[in-house]
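K.L.:
Starting off with a structure, shown below.
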Amino acid sequence: MPEIALTPQTVARVRGVFGDQVAVLHSGLSDGERADAWRALRRGERRVAVGPRSAVFAPVERLAAIVVDEEHETSYKQGTAPRYHARDVALVRAKLEGARALLGSATPSLETLHLAAAGRIRRFELPERIGARPLPPVEVIDLRSAPRVPEARGVPWTEPLDRAVRDALSRGDQVILLLNRRGFATFLQCPACGDVRECPDCAISLTVHQTPPALRCHYCGHEEPVPLSCRQCGAETQRMRGLGTQQLEHFVALRFPAARIARMDLDTTSTKWAHHRILERVAQGQVDILLGTQMIAKGLDFPNVTVVGVVDADTGLHLPDFRAAERTFQLVAQVAGRAGRGPRGGRVFVQTRAPDHHAIRAAAVHSVAEFAAAELPLRAPPQPAYPPHVGLARFVAAHEDPAVAEAAAARVAAWLRRASAERLAGALMVLGPAPCPVMRLKARWRWHVLVKSAEARAIGRVVRAWGARPHSAVVVDRDPVSLL
């Protein structure tokens, strides 16, 4: 499964079928617990392994099947060396061991849909929910014109969503609210001179947190106190901009004082078994409103949830990444599926400033086909080609000295263009070098070069050739899931 948050429910279901034959592998276990599970699988005492990404390497004896749940999830890609994708490893391992690989998702990745269309994998569709329950209706709320609740200063909280939440709570139903942004506010700004507090080691603004109070970088972990005055002009008033899950929790608690609220994000789930404790409270009816980031959007099955609200669907829609629309569609469609899983049905409210965007429209009608029909032509020639129409590799040069990083990226680009012309008959399209969208991370300046090709072997050859060279400042990521 894609992340540790889904472990408790999945383990409970699998153990309900296979009993004590199940071993659990994930980072929330101690080293000793993981070692015990690994040895039990190796000895054949456990025949089923359950866990996130690295569980694909579990030493299961006489392997017969690998099931990859929510196969579209980007968390299956390892961000550091070795940069493997668990879904792709599952396909290769299944082929090597003669096992069956099953990729499951209500919102498949376009790459998987492309493989199915090409006949390389078989496609099976489940057009109906269990018990033939209908998918919940989705109401798209235009934040540009919809009436806001007067008390919601700085929070995009409209009257239709407010009424739906209040009605659900009055009936004793449960509510899920999605906001895919951690912290209290996105950044802190001086209203006098406009200065924004930034991370000293990364080219991004610091996020405002209030439990405990601090300015934090979500990339490198840098933390500093919330200042009382501006460091540039000395003005005493600092203004918070943007919305995070902490601020949403604060507002919802004031708006619905009798409701029992649980927040689920990286800040509340850092301790061992924190995911399990929160989800167990929801399952037992001890939580009225569950709010959080993308970890609450998929895989959860709570029959009493009758209202789902996407507080701001635009948080990732316009990022400088060709998969931004696909991720938004998957996130909205997945969280919409959390409603109406019980006999009382459900409704979904999606708040956005782009109601006509094809990702939002397709998610509102729960249609993968509609999204693919709109998105695939945008990635095909004569548009700038991107996967699944072409293969992609990313070479990233990083160094403490910006000039060194830029020069390294320039050498990579020149080498790639020369290799394409002399060895690969011009099969490669080389883009760059250019600064990465997040130009500085962890005190290292970053430049990247993108390589595209309709021939997978051509990309494979240059990736292997580059791997044989000494290159301390440059890493290569084949089939990257993010270009940030």
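The values are calculated or read from the model by the stated rules, or taken from the named source; none is laboratory data. Source: prediction; values computed, not measured. Here Cβ is always computed from backbone atoms with ideal geometry, including for glycine, and neighbour counts include all displayed protein chains.
K.L.:
How many residues are farther than 22 Å from residue 30 by Cα and either free of Cβ contacts under 8 Å to residues at least 12 places away in the same chain or surrounded by fewer than 21 Cβ atoms within 10 Å (Cβ to Cβ) (or both) if we restrict to region 256-276?
P.N.:
Residues that pass the stated criteria total 7.
K.L.:
If a residue has to be in a loop (DSSP other than H, G, I, E, B), under 10 Å from residue 180 (Cβ atoms) and not polar (S, T, N, Q) to count, how many in region 315-334 make the cut?
P.N.:
Total satisfying the criteria: 1.
K.L.:
On the basis of being among the aliphatic types (A, V, I, L, M), at negative phi and assigned to a loop (DSSP other than H, G, I, E, B), does residue 385 make the cut?
P.N.:
yes
Let's see how each residue does on (1) assigned to a loop (DSSP other than H, G, I, E, B); (2) touching a Phe, Trp or Tyr at 6+ places or on another chain (Cβ under 9 Å); (3) buried (at least 20 other Cβ atoms within 10 Å of the Cβ):
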position: 81; (1), (2), (3): yes, no, no
position: 101; (1), (2), (3): no, no, no
position: 107; (1), (2), (3): yes, yes, yes
position: 115; (1), (2), (3): no, no, no
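K.L.:
Now a separate question. On the basis of being closer than 16 Å to residue 137 by Cα and touching a Leu at 6+ places or on another chain (Cβ under 7 Å), does residue 307 make the cut?
P.N.:
The answer is no for residue 307.
K.L.:
Let me ask another. Determine which member of the set 155, 149 is assigned by TED's automatic domain parsing to the domain that holds residue 361, surrounded by 13 or more Cβ atoms within 10 Å (Cβ to Cβ) and within 27 Å of the chain's Cα centre (by Cα).
P.N.:
155
K.L.:
On to the next question. Checking the condition charged (D, E, K, R) and under 19 Å from the mean Cα position of the chain (by Cα), which residue from 93, 46, 62, 83 passes?
P.N.:
Only one candidate passes the filter, namely 83.
K.L.:
I would also like to ask the following. Kindly indicate whether residue 306 is in a strand (DSSP E or B) and either modelled with pLDDT under 90 or outside the structural domain of residue 109 (by TED's automatic domain parsing) (or both).
P.N.:
Values: in a strand (DSSP E or B): yes; either modelled with pLDDT under 90 or outside the structural domain of residue 109 (by TED's automatic domain parsing) (or both): yes.
So residue 306 fits the description; yes.
K.L.:
Considering only region 190-199, how many residues are of a type outside the set (Gly, Ala, Ser) and in contact (Cβ under 8 Å) with a residue 40 or more places away in the chain?
P.N.:
3
One line per residue, one yes/no per condition, for (1) assigned to a loop (DSSP other than H, G, I, E, B); (2) in contact (Cβ under 8 Å) with a residue 24 or more places away in the chain; (3) under 29 Å from residue 284 (Cβ atoms); (4) out of contact with any strand residue (DSSP E or B) (no Cβ under 7 Å at 6 or more places or on another chain):
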site	(1), (2), (3), (4)
154	yes, yes, no, yes
165	no, yes, yes, no
188	no, yes, no, no
203	yes, yes, no, no
208	no, yes, no, no
226	yes, yes, no, no
233	yes, yes, no, yes
252	no, yes, yes, no
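K.L.:
Please work out if residue 227 is outside the structural domain of residue 437 (by TED's automatic domain parsing) and either exposed (fewer than 15 other Cβ atoms within 10 Å of the Cβ) or farther than 26 Å from residue 353 by Cβ (or both).
P.N.:
It is true that residue 227 is outside the structural domain of residue 437 (by TED's automatic domain parsing) and either exposed (fewer than 15 other Cβ atoms within 10 Å of the Cβ) or farther than 26 Å from residue 353 by Cβ (or both).
K.L.:
Here are some conditions: (1) closer than 23 Å to residue 273 by Cα; (2) in contact (Cβ under 8 Å) with a residue 60 or more places away in the chain; (3) in contact with a helix residue (DSSP H, G or I) (Cβ under 7 Å, 6 or more places away or on another chain). Residue 10 meets all but one. Which one does it not meet?
P.N.:
Single failed check for residue 10: (3).
K.L.:
Suppose we keep only residues that are touching a Phe, Trp or Tyr at 6+ places or on another chain (Cβ under 9 Å) and hydrophobic (A, V, I, L, M, F, W, C) within region 377-392. Which one would you say is nearest to residue 473 (Cα to Cα)?
P.N.:
We begin by selecting, within region 377-392, every residue touching a Phe, Trp or Tyr at 6+ places or on another chain (Cβ under 9 Å); these are 378-380, 384, 386-387, 392.
Add one more test, that the residue is hydrophobic (A, V, I, L, M, F, W, C), and what stays is 378, 380, 392.
On the way: 378: 33, 380: 32, 392: 20 Å.
My answer is 392.
K.L.:
Restrict the check to region 260-275 and report whether at least one residue is aliphatic (A, V, I, L, M) and in a loop (DSSP other than H, G, I, E, B).
P.N.:
Scanning region 260-275, I find at least one residue that is aliphatic (A, V, I, L, M) and in a loop (DSSP other than H, G, I, E, B), so the answer is yes.
K.L.:
Just a yes or no: is a residue in region 334-345 farther than 26 Å from residue 438 by Cβ, buried (at least 22 other Cβ atoms within 10 Å of the Cβ) and in contact with a His (Cβ under 8 Å, 6 or more places away or on another chain)?
P.N.:
yes
K.L.:
Restricting attention to region 285-292, does a residue exist that is more than 26 Å from residue 107 (Cα to Cα), loosely packed, with under 15 Cβ neighbours inside 10 Å and assigned by TED's automatic domain parsing to the domain that holds residue 155?
P.N.:
Looking through region 285-292, at least one residue is more than 26 Å from residue 107 (Cα to Cα), loosely packed, with under 15 Cβ neighbours inside 10 Å and assigned by TED's automatic domain parsing to the domain that holds residue 155.
K.L.:
Looking at the structure I just gave you, is residue 231 modelled with pLDDT under 90, more than 23 Å from residue 311 (Cβ to Cβ) and of a type in the set (Lys, Arg)?
P.N.:
Yes, satisfied.
K.L.:
Sticking with this structure for a sec: Got a number for residues in region 10-66 being in a helix (DSSP H, G or I) and under 19 Å from residue 93 (Cα atoms)?
P.N.:
Within region 10-66, residues that are in a helix (DSSP H, G or I) and under 19 Å from residue 93 (Cα atoms) number 8.
K.L.:
Also, I was wondering about something else. Could you list, in sequence order, all residues of region 210-223 that are under 17 Å from residue 441 (Cα atoms) and part of a strand (DSSP E or B)?
P.N.:
Selection gives 215, 216, 223.
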